[in-house]
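S.K.: Please see the structure below; I have some questions.
Taken together, the values in this text are just the output of simple stated rules run on the coordinates, not laboratory data. Since the model is a prediction, treat every value here as computed from it, not as a measurement. Cβ coordinates were reconstructed from backbone atoms using ideal geometry, including for glycine residues, and neighbour counts include every protein chain displayed.
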């Protein structure tokens, strides 16, 4: 149900190693806040943002995830049914870029081309400590069909851009999909939104 | 969650600003001023001055609030999502949502939708928006319990008959004959529920309801929750069945993780209260019967973590995992499955699915057993720094060294490194034989200064300490754990064997009263368990501080192999397990295995012939039999099957049984138990211990014999015989006082009457006598549903307040148990105390609510029974009805309570 009469509803999931600044990125985008310290980020684990792109309304539900390696296996629970993913790495940390590559591989394997990807090279305010080369990151992103952007939650650089670009991509995919299938009776607040034809049978743990 | 939404481009006010006053709009955008738009329902014709008040120029930014100046030069400030006038701080306009626009010509700009005109803040006649009050009450955030749902539906729908209509639809499902052997598929159930939901919603929404969309969402959620609450008992049972094997495995894992602490999970909690309050929230999840209620419970749990300001997102999952471990609940996957399967309206709501996903992730993480390996690696930790065995209280370093050597020892034990353990223990053991005067030696040491801690001196003291520290085989650390405890804890078989060969104390108890055997049973080390039993003869019957035997512990932790080992061992040495053994919660082994859903253990226990007699009807402190606390249908049907078998065999015995015989014949204890069980079968009332004690100590045996005769007569329906024994003549009107000339008359005729009355009264004292048997004569009459007899007895002075011996129930309780309305009314007529409570604190109304006897509830409430009274579980009658799924009664009581409330507020 990506589209309703109220506009598009997209789920965007943020993935990446711990401490690359996923949470700061979302907080900057949604609440226009930034703090150098590790602030209370539990509040930011789930945030929504409404945007309007040339008359098209888009509701973004942004899911932040834990970066700890021990929870890696739980990824599918978070990214299933996502329309888009923002993969964040820290330009001063080579390892975090490798993690992004792993995530891209996993997402493409599990969700195919239905999911739109954007890669954020975060912390460009620390340009002097850069360890991931600009060209490398950009060519890789192009290869895997992901939008690449250098961002800084601190200076608010590229934050708007990456979310806006991802939203445009997601709208494009949603349009293509609705062209393939005729739009079923438009859901609105008065009807229950239940998929009757294909009830989901496997509602297990790692669906 | 149910945030207000509207399409701003269709908002009149916005159109007016954007099209008719484009220059102003363009200026606002280019200057990055804030643009506010009142919501569509309040906008009417717009004037330019009003427009100007909605363009906000930022003036100053403080920590909590931002000052703005409108284009019209009015000053306001933004605080916690509200605009407040600087002139009058009581006035505010709420921000409903923010939308960021990206347009080709204009670029990016932000628009805030607000719930009223900003300009209204500066007007003299400010009237707050009447809707905002309703908003709070009916926001989804505040809805949780069935009461909330019912009152919300009745507020929003102006038709009291809706519930009857709902119940009609519900009965479609409730009356369906689902077979236990062949449970319906979830998909099928979901479709059924969906159909019913559609019907109910169509019924409500077909009438023109003038509500905005958000109210419709709230109403839909409420109706859905109401319907699912009422279907909970059926649906949850199947969710439980479907998830039974997963829950079974998870329960084993949860038990193995009992000792996990926040440090094991890398959670840095400064305020332990936040975990406690979260646990309190989450442990209540089974009290909520609708998916939405359960969801709210999880949400509240997560919200309570937010009060801990230092927590980061990376810690959200670990802390949730920790809370789940500490909750001690047995059906997590059943709950998850139930919520996921039966969510309809909010299924695609993003916050709803986010919270459920987080919960699911925590469960899956636990289920993956990843945590298990990690905790084993951190293992048993000495918690406190102070030690009880300090050799030299003057020298803290000695103590430190003691701890160090213990840590090394524990490390060797953990690695099952026998040689090293031997070395540590035997060296210290041999040195123990040569006592040394430590203090004097200390002075002999060549230190710079007696208290010096420089590196050289340190080495010298350490050396001397090493030779001085004594660690014996029965050494106890601050948790009173001996090396044997630790070896069992880590499952180090070789070390256990070695320590046993050294004649250590096998039955030493640690700080929570656990012996090594207990630990082996709880942790599931079958080989060690058998080793301890076979070669060393550990005390199989000892209990820990919570009253659990090894058998109960292993039934809690779910180790089939250890249960079997314990029972087979007992059989082989001819020891008879007492399966009726209760822990401090009154739970027997069967209770525990049944509660945690361990199918194999339940099966195995039930195959033991004596367990049926000793444990199957035992009630724990919550008054539950093993059947009552069964984890799921599969377990329940196993127990039911065993009970049926037992009843069949008991039935034949019953025929041979005669109350009088029982009184005379001395029976051996085994037989006694057996008889007693059958007795409880017949009357559904039981109390074993007091019953026997009283019988043996009874002095008034003659009266008792008559009483038993009378009870027996009533039991077989021979009322005339009973009345004969009681010396009551039914045909003659009873007229003790009326036949006297005057109540105090002393004439001969009257004194004659007096003497006879006295003798009769003596006999009649029998009428209220409660001897060795549990009940008196009136009780028996009530149990036999004999109204006529009851009436006679009551007229002849039977005390309607008399209580049964064991459960302290009055006749009115019993009449409720029999669901006999005539009797109930009769007893009420005789002015009995309608609110008297039995041993469980249950009033007659509680009992009615538990068994779902609506007629009784109405009669009792109308006769003035107290509705707001709690039993010992802390439940009111309404809550009991809710627990047992009698929703008509719940609704009736809710209505009555609100009526009473209204009355009291009016008066």
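S.K.: Per residue, how big is the convex hull around the C-alpha atoms of the range B:246-332? Give it to me in cubic angstrom, could you?
M.R.: Numbers: hull volume 8.1 nm³, N = 87.
Normalising the Cα hull of the range B:246-332 by residue number yields 93 Å³.
S.K.: Compare the peptides A:119-128, B:825-834 by average per-residue count of other Cβ atoms within 10 angstrom and give them in order, highest first.
M.R.: A:119-128, B:825-834
S.K.: Viscosity 1.002 mPa s, temperature 20 °C: give me the Stokes-Einstein translational D for the range B:209-355 in µm²/s, with Rh taken as the Kirkwood radius over C-alpha pairs. Mind showing how you got there, number by number?
M.R.: On the way: Rh = 16.6 Å.
The diffusion coefficient I find is 129 µm²/s.
S.K.: Compare the peptides B:506-518, B:836-848 by average per-residue count of other Cβ atoms within 10 angstrom and give them in order, highest first.
M.R.: Details: B:506-518: 20.2, B:836-848: 23.0.
Most protected by this proxy first, the peptides run B:836-848, B:506-518.
S.K.: Per residue, what volume in Å³ does the convex hull of the Cα atoms of the range B:834-906 enclose?
M.R.: Once divided by residue count, the hull of the range B:834-906 is 76 Å³.
S.K.: Hey, got the average number of other protein chain Cβ atoms within 10 angstrom for residues in B:97-109?
M.R.: For this peptide, the per-residue mean of nearby foreign Cβ atoms is 4.
S.K.: At 7 Å along Cα-to-Cβ for each site, give me the label-to-label distance between residue B:179 and residue B:536 in nm.
M.R.: Result for the modelled spin labels: 5.3 nm.
S.K.: Also: Peptide B:5-14: average number of partner chain Cβ atoms within 10 Å per residue?
M.R.: For this peptide, the per-residue mean of nearby foreign Cβ atoms is 2.
S.K.: In 10 Å bins starting at zero, report the fraction of Cα pairs in the range A:3-196 per bin as a rounded %.
M.R.: Reading the bins upward from 0: 9, 36, 36, 15, 4, 0.
S.K.: Would you list B:305, B:292 from fewest to most Cβ contacts within 10 Å?
M.R.: Going from sparsest to densest Cβ surroundings: B:305, B:292.
S.K.: On full extension of the chain, what length is gained from residue B:104 through residue B:90, given 0.36 nm per residue of separation minus the C-alpha to C-alpha distance?
M.R.: Answer, rounded to one decimal: 1.0 nm.
S.K.: Separate question: Per-residue Cβ counts within 10 Å, from other chains only, averaged over B:337-348: what number is that?
M.R.: For peptide B:337-348, the averaged partner shielding equals 3.
S.K.: Shifting gears a bit: If Rh is defined by the Kirkwood formula over all Cα pairs and Rg also comes from Cα, what ratio Rg/Rh do you get for the range B:8-121?
M.R.: Details: Rg = 13.2 Å, Rh = 14.1 Å.
So for the range B:8-121, dividing Rg by the Kirkwood Rh gives 0.93.
S.K.: With label points built 7 Å along Cα→Cβ from the Cα atoms of residue B:158 and residue B:863, find their separation and express it in nm.
M.R.: Each label point is offset 7 Å from its Cα along the Cβ direction, giving 4.1 nm.
S.K.: Ranked by Cβ crowding within 10 angstrom, fewest neighbours first, how are A:58, A:132 ordered?
M.R.: A:132, A:58
S.K.: At residue B:45 and residue B:82, where each label point lies 7 Å from the Cα along Cα→Cβ, what is the point-to-point distance in nanometres?
M.R.: 3.3
S.K.: If neighbour count is taken as other Cβ atoms inside 10 Å, put B:119, B:420, B:492 in order from fewest to most.
M.R.: Ranked by crowding around the Cβ, least crowded first: B:420, B:119, B:492.
S.K.: Apply 1/(1 + (r/R0)^6) to the Cβ-Cβ distance of residue B:902 and residue B:503, taking R0 = 56 Å, and write down the FRET efficiency to the nearest 0.05.
M.R.: Given R0 = 56 Å and the Cβ-Cβ separation, E is 0.15.
S.K.: How do B:355-368, B:46-59 rank on mean C-beta neighbours within 10 Å, highest first?
M.R.: Output ranking for B:355-368, B:46-59: B:355-368, B:46-59.
S.K.: Taking only the alpha-carbon positions of the range B:10-51 and ignoring solvent, what does the Debye formula give for the base-10 log of I(q)/I(0) at q = 0.17, 0.23 Å⁻¹?
M.R.: -0.43, -0.76
S.K.: Estimate the FRET efficiency between residue A:31 and residue B:213 by the formula 1/(1 + (r/R0)^6), using the beta-carbon distance for r and 25 Å for R0, to the nearest 0.05.
M.R.: Calculated value: 0.40.
S.K.: Between residue A:131 and residue A:68, what's the calculated FRET efficiency when r is the beta-carbon distance and R0 is 22 Å? Round to 0.05.
M.R.: On the way: r = 22 Å, r/R0 = 0.99.
Calculated value: 0.50.
S.K.: Length gain on complete extension for the stretch residue B:266 to residue B:640, per 0.36 nm per residue less the alpha carbon to alpha carbon distance?
M.R.: Working it through step by step, the gained length comes to 130.1 nm.
S.K.: Subtracting the Cα-Cα distance from 0.36 nm times the residue separation, let me have the gained length for residue B:72 to residue B:480 in nm, one decimal. Mind showing how you got there, number by number?
M.R.: Details: separation 408, 0.36 × 408 = 146.88 nm, distance 7.68 nm.
The span from residue B:72 to residue B:480 would gain 139.2 nm if fully extended.
S.K.: I'd like the distance between the alpha-carbon centres of the range A:153-178 and the range B:509-567, rounded to an integer number of Å.
M.R.: 60
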